[in-house]
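Structure first, then comments.
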Amino acid sequence: MLENERRRDPRYALHYPVIICSSRAIDRPEGWHYGEILDAGKNGMRLRVDDFGTLPVGSELQMVCQPARNRQPNNNCMPVPIKGRVVWKNAAGNQ
């Protein structure tokens, strides 16, 4: 669990690789980008995504996560599809 947590439900550090795209660009290969799930909990997650461009708060997202071990993909696990929505962003940290 993360220190200094203020949320009702805890977040856990994961560092899982993720492929992410805006729902409006799901059918275009250039719409998909690599990123990392930094932490996640029952009601949300924090991502780092490089070169995603402008993605307004409220944007619907499609993601595919590959569970990891020691920050490397764990090929013994099936990829997990995830749907989400941007609720805040930190452009300086690509989060």
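The values are calculated or read from the model by the stated rules, or taken from the named source; none is laboratory data. This is a predicted model, so every value here is computed, not measured. Heads up, the Cβs are rebuilt from the backbone with ideal geometry, glycines too, and the neighbour counts pull from every protein chain shown.
Worth a mention:
- Residue within the range 15-32 that is touching a Cys at 6+ places or on another chain (Cβ under 8 Å) and hydroxyl-bearing (Ser, Thr, Tyr) present: yes
- Residues in the range 32-60 that are hydroxyl-bearing (Ser, Thr, Tyr) and farther than 26 Å from Asp9 by Cβ were compared, and the one that is modelled with the highest pLDDT is Tyr34.
- Pairing residues of the range 76-87 that are over 11 Å from Met63 (Cα atoms) and surrounded by 14 or more Cβ atoms within 10 Å (Cβ to Cβ) with residues that are among the polar types (S, T, N, Q) and at pLDDT below 90, at Cβ distances under 7 Å and at least 6 apart in sequence or on separate chains, gives Val86/Ser59.
- The condition (being of a type in the set (Lys, Arg) and either surrounded by 14 or more Cβ atoms within 10 Å (Cβ to Cβ) or part of a strand (DSSP E or B) (or both)) is satisfied by just one residue among Arg24, Arg48: Arg48.
- Output for the range 65-84, where each listed residue is part of a strand (DSSP E or B), modelled with pLDDT under 90 and within 25 Å of Asp9 (Cα to Cα): Cys65, Ala68, Arg69, Val80
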